[in-house]
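Any read-out appearing in this document is the output of simple, stated calculations on the displayed coordinates, not a laboratory observation. Bear in mind that the values here come from a model prediction, so they are computed numbers and not experimental data. Glycine gets a Cβ as well: all are built from the backbone with ideal geometry, and neighbour counts include every protein chain shown.
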């Protein structure tokens, strides 16, 4: 089972609303359980590099089924560094993404980039609340 496009679009809309409320311009990415992109939105004024970063955070979150910030302390471990290299930069273990779950079933993840990492996570969590 995977996140549906309509659900992913609702998540993005809720996350964008939170970002606007906070006065921030970010990129929001939603990926499926394999880490494949379902949808993405780049708000006006968001940095171009935030496209890859938001997706990379979401990929890290879905790979481990935990918020990407939970992986940050291990980012310099040999295993994490190898995984980051193996995934050609698509794996970014930094705060700003959260898994999307239905019970214990992993449906995907939402990743945000463009603000501070704590603010990115707040925006991601607001998107998650849309479900």
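Quick notes on this structure:
- Distance in nm between pseudo-label sites at residue 21 and residue 9 (7 Å out along the Cβ direction from Cα): 2.3
- The peptide list 44-52, 19-27, put in order of mean Cβ contacts within 10 Å with the highest first, becomes 19-27, 44-52.
- Rounded Å value of the spacing that divides the Cα centres of the stretch 94-116 and the stretch 1-59: 9
- Prolate/oblate/rounded label for the stretch 40-131 (Cα gyration tensor, a/c 1.5): oblate
- Here the peptides 10-16, 78-84 are ranked by packing, the mean other Cβ count within 10 Å, and the order with the highest first is 10-16, 78-84.
- Extension gain for residue 101-residue 44 works out to 17.6 nm (0.36 nm per residue, less the C-alpha to C-alpha distance).
- Here the stretch 92-127 is scanned for amide nitrogen atoms under 18 Å from the site 7 Å beyond the Cα of residue 73 along Cα-to-Cβ, giving 93-97, 118.
- Taken along the Cα-to-beta-carbon direction at a fixed 7 Å, the label points for residue 131 and residue 116 span 2.8 nm.
- By definition, a body whose alpha carbon gyration tensor gives a ≥ b ≥ c is oblate when a/c is 1.5 or more and a/b is not larger than b/c, and the stretch 1-57 fits this oblate description.
- Sorting the segments 117-130, 30-43, 58-71 by their residues' average number of neighbouring beta-carbon atoms within 10 angstrom, most packed first, yields 58-71, 117-130, 30-43.
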